[in-house]
Amino acid sequence: MTATDRSIELTRSAAQAAADKLAHDVIAYDVSDVLSITDAFLVASAPNDRQVKAIVDAIEETLLKELDAKPVRREGERDGRWVLLDYIDIVVHVQHSEERVFYALERLWKDCPEIALPEDAMATRGKGAEHAQARSAAADDDGDPR
């Protein structure tokens, strides 16, 4: 079994919306062979709570406007650390970078096939690490031990 055309369309549109809001490390997996509840997982991250919320809002707006899709469930918005959007066909996880590293969802789904994403979304790969290095370098320059 593979993800449906509708699931792939939703995933790609959501990935583009996330990339447009400067999400980091956008990746999608076809989980249809291992889960019966959804076809695809999209994972994206951001370095702060405000950007997590902006990415989530952009994904919701884009999927509603372009594909007439509304999430049946939205969880985690209050804290802005990990927001889950459940569209039944796909589940979108937008995580704060720290949560992304801690929970490492990619490890769980690494054996599932990746879904090809738009070029802009693919270009986000490695941005989380770049941001962390830049932040670390800036802290070192300030004499801050963080």
- Out of the residues in the stretch 86-99 that are in contact (Cβ under 8 Å) with a residue 60 or more places away in the chain and within 26 Å of THR4 (Cα to Cα), which is surrounded by the fewest Cβ atoms within 10 Å (Cβ to Cβ)? ASP89
- Item | Total residues in the stretch 15-37, condition without any contact (Cβ under 8 Å) to a residue 40 or more places away in the chain and open to solvent by less than 50 Å² (accessible area, probe 1.4 Å) | 2
- Query: Does at least one position in the stretch 38-45 carry a residue that is under 20 Å from ARG73 (Cβ atoms), touching a Cys at 6+ places or on another chain (Cβ under 7 Å) and either touching a residue at least 24 places away in the same chain (Cβ under 8 Å) or open to solvent by 10 Å² or more (accessible area, probe 1.4 Å) (or both)?
  - Reply: no
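So is THR62 in a loop (DSSP other than H, G, I, E, B), among the polar types (S, T, N, Q) and open to solvent by less than 70 Å² (accessible area, probe 1.4 Å) or not?
For THR62, the condition - in a loop (DSSP other than H, G, I, E, B), among the polar types (S, T, N, Q) and open to solvent by less than 70 Å² (accessible area, probe 1.4 Å) - is not met.
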- Message: For the stretch 100-137: of the residues being in a helix (DSSP H, G or I), in contact with a helix residue (DSSP H, G or I) (Cβ under 6 Å, 6 or more places away or on another chain) and modelled with pLDDT of 90 or more, which is most open to solvent (accessible area, probe 1.4 Å)?
- Response: ASP120
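Would you call ARG6 surrounded by fewer than 20 Cβ atoms within 10 Å (Cβ to Cβ), of a type in the set (D, E, K, R) and within 17 Å of GLY128 (Cβ to Cβ)?
Answer is no for this residue.
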- Item | Sole exception among (1) part of a loop (DSSP other than H, G, I, E, B); (2) at pLDDT 90 or above; (3) within 20 Å of HIS24 (Cα to Cα) for GLY80, by number | (2)
- May I ask you to say which residue of ARG50, ARG74, ARG81 is under 14 Å from LEU22 (Cβ atoms) and either of a type in the set (Phe, Trp, Tyr) or open to solvent by 20 Å² or more (accessible area, probe 1.4 Å) (or both)? ARG50
- Item | Only one of VAL43, VAL34 that is in a strand (DSSP E or B) and either of a type in the set (A, V, I, L, M, F, W, C) or touching an Asp or Glu at 6+ places or on another chain (Cβ under 7 Å) (or both) | VAL43
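The values are calculated or read from the model by the stated rules, or taken from the named source; none is laboratory data. What you see is a predicted model, and the numbers here were worked out from it, not measured in a lab. Glycine gets a Cβ as well: all are built from the backbone with ideal geometry, and neighbour counts include every protein chain shown. When the accessible area is computed, the model is the full protein with side chains, heavy atoms only, and any ligands, DNA or RNA have been set aside. Shrake-Rupley method; radii C 1.70, N 1.55, O 1.52, S 1.80 Å.
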